[in-house]
Amino acid sequence: MPKLSSKEIVDLNREYTFFSWSVQGQTNPIPVEKAEGVYFWDSDGKRYLDFSSQLMNTNIGHQHPKVVKAIQDQAAKLCFVHPGSATEPRGLLGKKLSEVTPGNLKKTFFTLGGSEANENAIKIARFYTGRYKILSRYRSYHGATYGSVALTGDYRRLAVEPAMPGNVHFLDPFCYHCPFGSEKESCKRQCIAHVEEMIKYEGPDKIAAIIMEGVVGSNGLIIPPDDYWPRIREICNKYRILLISDEVMSGWGRTGKWFAVDNWGVTPDIITTAKGITSGYVPLGAVIVSEPIAKFFEDKYLYAGLTYNGHALACAAALATIQVYEDDKLIENAVRVGKFLGEALEGIKGRHLSVGDVRYIGLFSAIELVTNRETKAVFPAEVMGEVGKVLRQNGLFTFIMANNMGSIVFIVPPLCITQEQVAEGLAIVEKALEVADKAAA
């Protein structure tokens, strides 16, 4: 079969497949042919620097030979077996997850992605507590399936409502856009008091769990104050409410720790994760629960099941990926290069009128663009489209937020990136910011 042209590849994809979160007639996908490390190439040979780890998941970089080989070896031996069967990679991965997660987290239910992980975390929390309400934040994304989209606080939930009943949203600890009008100097952590007030209104005996992203990802990369997670943990303990940390995006070394909650010394009752667990090489998600929750189901039926629960090929890929994090010291690199990135972002903020705020922790960072630093108003989608166009033309790929919740350029590169490669990407970002600077007041 002759090789397809770039146009033929794009036309086939647009004609016969749907693209996520988009008006189908307006999609303009890159026809990707190959990738390696922090770069990928389109079918015309143009190279792109991957500044968002694809969808914040290719944490170890593209095509790592150890993970590719592990997938090949497992595929040659056993790809799939009935989910009621026991396999070596499934057992070894479960043990490894109990070792890298904090505190008494022990037992894992495997899924194929983050949405499924959060769906099953909801079920488990409701079974265990006998309660039905789940609290989550407005600036959040927890998935697109019926239950997980109900947890989601952003605009994507509104379009598919009514969704799962029993979910209640609360306001975020977003210091740059404090919903309580506090200045940092006079902050009394109303964002924390607000959560306890919500619990009292909703009935503590009705609330099964609070779920939060370790660090909010696609809704603006919101890094909470240092006492936020510990105090929410205390509130959950007080009312016997489970605390779930959604580490789908913020886990796996992204923040300079195995999981974002590790930055604040907090052990949740449940961690949900996906993405970086296999670095996106094979679909896999996980719900990791504490020992008390695990023991609860020893003599009670677990009403949860998936055809691909404990998929042998996916588990083998995850084991190899975790080994790469350790062998290549990628989490340490996230800390080291992340420090360089943070300092560079502060410099960019000082040089560009359109930059209102920069936020960073490890290699999890974002530049928030504003039309005016006093009003903090968002840019029109047209301006952000031009910013994105300059990035793409100059060979940089990253995730851009352009809606009423913010005008943001995300910088979330693979954890194997070097300082030199970060500088290469930031130079392109600064070219694009010139577009926004001209439109800023």
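The combined condition, being closer than 25 Å to Cys175 by Cα and not small (Gly, Ala, Ser), is fulfilled by Ile232. Of the residues making up the range 207-219, one or more are at negative phi, at pLDDT 95 or above, assigned to a strand (DSSP E or B) and small (Gly, Ala, Ser).
Arg233: in the same structural domain as Ser148 (by TED's automatic domain parsing), in a helix (DSSP H, G or I) and in contact with a strand residue (DSSP E or B) (Cβ under 9 Å, 6 or more places away or on another chain), yes or no?
Values: in the same structural domain as Ser148 (by TED's automatic domain parsing): yes; in a helix (DSSP H, G or I): yes; in contact with a strand residue (DSSP E or B) (Cβ under 9 Å, 6 or more places away or on another chain): yes.
Considered against the rule, which asks whether it is in the same structural domain as Ser148 (by TED's automatic domain parsing), in a helix (DSSP H, G or I) and in contact with a strand residue (DSSP E or B) (Cβ under 9 Å, 6 or more places away or on another chain), Arg233 comes out as yes.
Residue count for the range 298-324 satisfying the condition of being assigned to a helix (DSSP H, G or I), surrounded by fewer than 23 Cβ atoms within 10 Å (Cβ to Cβ) and either in contact with a Gly (Cβ under 8 Å, 6 or more places away or on another chain) or charged (D, E, K, R) (or both): 0. Within the range 284-297, being surrounded by fewer than 17 Cβ atoms within 10 Å (Cβ to Cβ) and under 12 Å from Phe110 (Cβ atoms) holds for no residue. Ala316 meets the conditions (1) closer than 27 Å to His177 by Cα; (2) of a type in the set (Gly, Ala, Ser); (3) assigned by TED's automatic domain parsing to the domain that holds Cys175 in every case but one. The failed one is (1). Restricting the first member to the range 316-344 and to residues that are at pLDDT 95 or above, and the second to residues that are basic (Lys, Arg), the beta-carbon pairs closer than 6 Å and six or more apart or on different chains are Ala320/Lys66; Ile322/Lys96; Val324/Lys66.
With the condition being in contact with a Leu (Cβ under 6 Å, 6 or more places away or on another chain), I'd like the strands (runs of 3 or more DSSP E) fully within the range 334-417 carrying at least 1 qualifying residues.
Working: elements: 355-361, 364-369, 400-403, 406-411.
Strands (runs of 3 or more DSSP E) meeting the threshold: 355-361, 364-369, 406-411.
Among the residues making up the range 251-276, those that are over 16 Å from Asn333 (Cα atoms) and either in contact with a strand residue (DSSP E or B) (Cβ under 6 Å, 6 or more places away or on another chain) or part of a loop (DSSP other than H, G, I, E, B) (or both) are Val261, Gly265, Val266, Thr267, Pro268, Asp269, Ile270, Ile271, Thr272, Thr273, Ala274. Selection of first residues in the range 299-312 that are on the phi > 0 side of the Ramachandran plot and of second residues that are at pLDDT 95 or above and among the basic types (Lys, Arg), restricted to Cβ pairs under 8 Å at least 6 apart or on distinct chains, gives the following pairs, ordered by first then second residue: Gly310/Arg90.
Listed here are the residues, each with its yes/no results for (1) assigned by TED's automatic domain parsing to the domain that holds Gly166; (2) surrounded by 14 or more Cβ atoms within 10 Å (Cβ to Cβ); (3) within 17 Å of Leu243 (Cβ to Cβ); (4) not acidic (Asp, Glu).
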{"site": "Cys187", "(1), (2), (3), (4)": "yes, yes, no, yes"}
{"site": "Met198", "(1), (2), (3), (4)": "yes, yes, yes, yes"}
{"site": "Gly203", "(1), (2), (3), (4)": "yes, no, no, yes"}
{"site": "Ile207", "(1), (2), (3), (4)": "yes, yes, yes, yes"}
{"site": "Ile211", "(1), (2), (3), (4)": "yes, yes, yes, yes"}
{"site": "Gly214", "(1), (2), (3), (4)": "yes, yes, yes, yes"}
{"site": "Gly220", "(1), (2), (3), (4)": "yes, yes, no, yes"}
{"site": "Tyr228", "(1), (2), (3), (4)": "yes, yes, yes, yes"}
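Considering the range 391-425, and only residues there that are crowded, with 19+ Cβ neighbours inside 10 Å and farther than 27 Å from Tyr281 by Cβ, the residue that is nearest to the chain's Cα centre (by Cα) turns out to be Ile408.
Out of all the residues in the range 49-69, is one or more at pLDDT 95 or above and more than 27 Å from Phe364 (Cα to Cα)? Taking every residue of the range 49-69 in turn, at least one turns out to be at pLDDT 95 or above and more than 27 Å from Phe364 (Cα to Cα).
Checked against (1) surrounded by fewer than 17 Cβ atoms within 10 Å (Cβ to Cβ); (2) modelled with pLDDT of 95 or more; (3) of a type outside the set (A, V, I, L, M), Tyr155 passes all but condition (2).
Would you check if there is a residue in the range 271-280 being over 20 Å from Asn57 (Cβ atoms), at pLDDT 95 or above and of a type in the set (Lys, Arg)? No: the range 271-280 contains no residue that is over 20 Å from Asn57 (Cβ atoms), at pLDDT 95 or above and of a type in the set (Lys, Arg).
Within the range 374-389, being in contact (Cβ under 8 Å) with a residue 40 or more places away in the chain and either within 12 Å of Ala441 (Cα to Cα) or assigned by TED's automatic domain parsing to the domain that holds Gly181 (or both) holds for Lys376, Phe379.
Only residues that are under 18 Å from Ala312 (Cα atoms) and either under 24 Å from the mean Cα position of the chain (by Cα) or in a helix (DSSP H, G or I) (or both) were counted across the range 63-93, and they come to 18. Evaluate the following for Ser20: is it outside the structural domain of Leu426 (by TED's automatic domain parsing) and within 25 Å of Met401 (Cβ to Cβ)? Against the criterion (outside the structural domain of Leu426 (by TED's automatic domain parsing) and within 25 Å of Met401 (Cβ to Cβ)), Ser20 qualifies.
The values are calculated or read from the model by the stated rules, or taken from the named source; none is laboratory data. Keep in mind that this is a model prediction, so the values were computed, not measured. Virtual Cβ from ideal backbone geometry, glycine too; neighbours counted across all protein chains shown.
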